[in-house]
Every structure is written in C-alpha cells, then in structure tokens.
Amino acid sequence: MPPTLSFEQAPPISVPYRFFLTAPLFGVLAGLVLAWYGPEAFSSRWSQGALAMTHLLVVDFMLQAMVGSLLQIVAVVAGANIWRPLLVATVVHPLITAGAVMLASAFVFEQPFLFIMAAMVFAIALGFFLAVMLAALLRTPAQGMPIHVLRLALLGLLITVGLGFTLAMSLGLDDQSLPLGLLVNVHVAWGLGGWALMLVIGVSYLVVPMFQLTPAYPLWLTRALPLALLAVICLWSLQLGGRNGEAQSWQSWVGLAGMVVAATYAAATLWLQSRRRRRQTDVTFLFWRVAMGSLLAYALSWLLFLAWPALGASPRSALWLGVLALPGLFISVITGMLYKIVPFLNWLHLQRIGDPRTPPPNMKQMIPEKAMRRQMQAHFAALALLLAAVLWPALAPLAGLLFAASCALLEWNMVGAVRRYETFRARILAAVAGRGS
Amino acid sequence: MNQVTQILPDHHKHCDELFVAAEDAAQRGDWPATAATFARFDAQMRAHFAAEEEVLFPTFEAATGMSGGPTQMMRYEHEQMRTLLDQLATAVTARDSDGYAGVAETLLMLLQQHNMKEENILYPMCEQALAADAGEVCEKISAMLEEEHA
C-alpha cells in the first residue's frame, strides 16, 4: 500500500488565511518605510531604507504568502499529508512574523543583537517548516514535474536561509572574516532564483494551463527550465571562491545564462497565455501578464547593464532590478494567485458545512470584481512610480505611499473575503439548524 | 492507445473544450447556443464520472483493497461537481450570465484540481493495480464515453 496517501481536499481554512492576512500588512509597512526615508532610500541598494524595505517585501510579504500557499497546495498537488498543518501554522506563522520584524528593525536601527535574534528565529521557524514540507513531498506517490520543481524550490529556500543566517550572524557578531559582498550575491540568487522563481515556475506549470485553459508547457521545457536555473545558480555560487572578495570575471557569462533562462520562461508563459482557449481577462490573468513582462524587463535590463558597464556600475541599476523583481514579478504573481485561491477556499469550506439545499455563493461573490480591479490598478501605478523613482529619487516618497495604499487595498480585499466567509457560514449554519428543529 | 492514463486524461481535455464553448456562448448572451453546448458538456462530464465510479474505481478497489482513500475523495468531488452542474443548468434556464460566470469559475477550479490529482496520482496507481484487467476496463470505459460523443 502506498504510504500516507490522503486525498484530503484542504487543511483548516485558518491555516493559509493567517499568512494571507499578514502578508499585505508588511507591504504597507514597506511602502511607509520608503516614504519615510524618501530619496535617500533609493540612493543605493545598501541604504538602510532599501535594505529594510527589501526584507519587508521578501521575508514578510513574499515568504508569508508563499508559506501559506504551500501549506495549502501541497495537499492538493501531491496528495500528500502534511503533518499536523494547524500546529505547523501555529508555530511557524508567529515566528516568521516576529523574525521579519526583527530583521527589518535590525537594518533600520543598526542593532547587532537584532540580527542575531532574527537569524535564530528564522532558523527555527523555517527549519521546522522545511522539515515538514520535505517529509510530505519526499513521500508522496504523486508524479509529474511540478512535484520535482517544488522539491527544488524548497532546497533553494534551505540554502537561502542558511546563507541568510550566516550573513545575519556575521553582521550581529561584527565578524569581518567573510566576503560579505559575495555572500550577499549568492544569497540573493538563491532567494530570488533558487527559491522564489523556482516556486513560481513549479506553480505556473500547474496553474497557467488550469486557469485559462492554455496548452501545457512543452515537456522538454518543463524539464530544462528548472535544471538550467539550478545549474546557473550553482555556478554563480562558485564566486564565493573568488579572490580579494571579488567575483571571477567569467561570472558575467553565468549571469547572462541566468537571464536567458528567466527570459525563456517568461516568454514561454506569455506565449502559452496568448494561445489560451478561455478568453476571460480576469485580474489574475492581468497580474500574471505584468509579472511575466517584469521578468522579461528584468532580463533585458540585466543584459543592457552588462553591455553598457557605465550604466551597470550606477548604484541605481540594482534598485531598478529590485523593483522589477519584487513588486513587479513576485508580488504581482502572489496577488493574482490570492485572488483565485481565497475565493475558491471560501467556497470549498462553505460547501462542506452546508448541505445540497443551501449551496454556498459562487467564487465571484467572495471578493467584488470592482474592488480587485481598483487594487490592481493601484498596484500597477505603484510599480510604474517605483520605477520612475529609481530614475528620479524625488518621487520616492510618493511611490512609497502609493505602494502602501495598494497593499492596504489588498488587505482590505482579503479581510472582506474573510468577513464574507463568516457571514455566509453563519447563514448556512442557521439554515441547516432551522431545518433540523 | 489502450491505457487508462491515456483515455481519461484525453477525455478531460475534451470536457475542457466543451466547458469553454458553453462559457463563451453564455458570455455572449447567446442562450440557444449556450443551452446546446452546455447540454453536451453536462452529458460528457456525467458520463466521465459514471465511467470512473462504475468501472474504474470498483476494479481498483477490488484489486488493491483500498476503498476508503483516494476513490472515496474522488467520488465526493464528483458529487460536488454534479451540484455545480445543476446550478449551471439553472443559470442557463434563467438566462443569468452573471450566475453562469460565477458558477463556471467555481466549477473550473474544482474540476482542474480534481483532474490534476487523478492524472498525477490516481490513474498511474490504477494502471499499476489493474495490470491484467487493464484491457477490459479500458474497453468498458471507452464504450461509456463514446456513447455520449456525437
């Protein structure tokens, strides 16, 4: 008999929702940090404001949303039993929230002990999370590339956390012996490429064909992309062996190869979406388009910086890439996914408590279309303004405020969905009880 | 190709096509076309559920002794989808585009994640478990699905 095969549809709804409700709040905070520091935050990626904002986005917003989604989708995709999801969420959620606040505060207040505490908290929280997820994904009988890609993504998270731990400890202990610049390069590559992009790739194999009924990704591509991405990041990691704290000159070729992989993935996704059989252009679809457009722009900008070193040497080039990657690619994908996952989970869980005579409202009644569109427009406007602020830093406070507003609207929509869930739940339970009496 | 892992996934795609045709017609407000395409979609979906519940699952359960696990959850999801199909039929009769769009969206999500589990997990397991009976099972399934084509 196959081990631990369970076709449970979903863990308790509070498991993913606690993460989804927390994530946008830190987007608001990141926007406010930018508004507070203003143009100075956009002077370089190493400024206090930029470092704090970056970690608020990647650890608080992205990691929260990704951990919450993984706890939800692995049960479906892998038919895998996650070990006590409620307990895992109860432990991991407060820890990564606290750890993220410590990490952002460590950059803002330059307090070494905060780096050490954040490192410890993340090591415990993510170590636990990774152990549970890997146990589920390694024992699943499910087949198919997405499962392999999810495993690779978790490996990427493991290495990102390990490198992040090392960096935070050396900052906390003021240990000068490590080549911090190179470690950061490798940490960022694993975090954005090996973990976040790998996860997006694995998820897109599943959901891009599913939402719009596009053709499937070609089989060879589904194999080649993750392996090529992994190979590039492994080669990139060899720069840790560089002399005098500088990367080897051939690393620019590795970077180039990485951009080819990223651009191929983005172009393939856009191409598949252009061949979709379902013609609806809902917000999720538009978020995916902008995300893939941002990834293409990221790769092209990287090539431009490579071809034109004077431009690439500007401290603002890294900020430009950062804006394209974080709000442009990842937060767009995450928001688009939340607008599908949350209405569906509302329906799924309501459907279970009702009976056939009291069907729950359908997905489109869970978050008003207008509210999603308004939030999407705010997000796209914020993205454009953030990019403009890299060129004209005087716009930074305005860009920060607009980004905070778009995240506040997202939070508003998430809270609205949860409240609608509760209202409908009470109504269905009352109907069922009314018939029973 | 005479394999569970071929016939049923192919039929999933066939149902997807019919889903799109009906949804498109409903969105255009072309109700006669919606009624016609929806009737085909509805019939194929129900034929697919029947083929699994009456032929594939019982054979799998007999071969493996697993009757409480995956097949039970698949039957449960079939029931959920039948309810949504009923709601779509009501929307077609009432010529309610918003209602149709909302229920169709819900059905599509449920259907796609259901198909994913079947294609990635259950069908490969069936193929292993059936082994000797595979040919006969496939013939029966094909017959049930083809009856509904045309």
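The values are calculated or read from the model by the stated rules, or taken from the named source; none is laboratory data. Fair warning: this is a prediction, and the values are worked out from it, not measured in the lab. Positions of Cβ are generated from backbone atoms using ideal geometry, with glycine treated the same way; all protein chains shown enter the neighbour counts. Surface areas here come from the heavy atoms of the whole protein model, side chains and all, with no ligands, DNA or RNA. Shrake-Rupley method; radii C 1.70, N 1.55, O 1.52, S 1.80 Å.
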Want the number for A:Ala388 to A:Leu134: 0.36 nm per residue separation, take away the alpha-carbon distance, what's left? 87.3 nm
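Over 17 Å apart: what share of the alpha carbon pairs of region A:301-421 falls there, rounded to a whole percent?
Working: 4584 of 7260 pairs.
Across region A:301-421, Cα pairs with separations above 17 Å total 63 percent.
Cβ neighbours within 10 Å, averaged per peptide: list A:188-200, A:285-297 in order, most packed at the top.
Details: A:188-200: 24.5, A:285-297: 21.5.
Listed from highest to lowest mean packing, they are A:188-200, A:285-297.
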So what's the Cα pair-distance distribution over the protein assembly as shown, bin width 20 Å, in %? 19, 53, 24, 3
To the nearest whole number, what is the average tally of beta carbon atoms from other chains within 10 Å of the beta carbons of peptide A:359-368? 5
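If you take the Cα Rg of region A:301-368 and divide it by 2.2 N^0.38 Å, with N the number of residues, what do you get?
Details: Rg = 21.7 Å, N = 68, 2.2 N^0.38 = 10.9 Å.
Relative to the rule-of-thumb radius for its length, region A:301-368 sits at 1.99.
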Accessible surface of A:Glu246 - all protein chains present, 1.4 Å probe, nearest 10 Å²: 120 Å²
How long is region A:249-348 along each principal axis, judged by its Cα atoms, biggest number first, in Å? 53, 27, 19
Part-to-part distance (alpha-carbon centres) for region B:1-72 and region A:85-110, which is given in Å: 45 Å
Zone reached by a paramagnetic label modelled 7 Å from A:Ala224 Cα along Cα→Cβ, restricted to region A:256-298 with backbone N below 11 Å, covers A:261, A:264-265
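Given all pairs of different Cα atoms, what value in angstroms does the Kirkwood hydrodynamic radius of region A:157-199 take?
Working: mean 1/r = 0.0956 Å⁻¹.
Over region A:157-199, the inverse of the mean reciprocal pair distance is 10.5 Å.
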So between A:Leu256 and A:Ala216, what do we pick up on full extension, going 0.36 nm a residue minus the alpha carbon distance? 11.7 nm
For region A:377-437 and region B:89-123, what is the separation of their Cα centres, given in Å? 26 Å
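For the protein assembly as shown, what is the calculated [θ] at 222 nm in deg cm²/dmol (nearest 500), taking -39500 (n - 2.57) for each run of four or more DSSP H residues and dividing by its residue count? Mind dumping the intermediate values first?
Working: 23 runs with 442 residues, N = 587.
Rounded to the nearest 500, it is -26000 deg cm²/dmol.
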Extent of region B:4-148 along each principal axis, from alpha carbon coordinates, in Å, largest to smallest? 49, 27, 20
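With N set to the residue count of region A:216-287, report its C-alpha Rg divided by 2.2 N^0.38 Å to two decimal places. Show your work: numbers first, answer last.
Details: Rg = 17.0 Å, N = 72, 2.2 N^0.38 = 11.2 Å.
Scaled against compact globular proteins, the figure is 1.52.
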Using a 1.4 Å probe and counting only protein heavy atoms, arrange A:Phe165, A:Phe109 so the residue with the most accessible area comes first. A:Phe109, A:Phe165
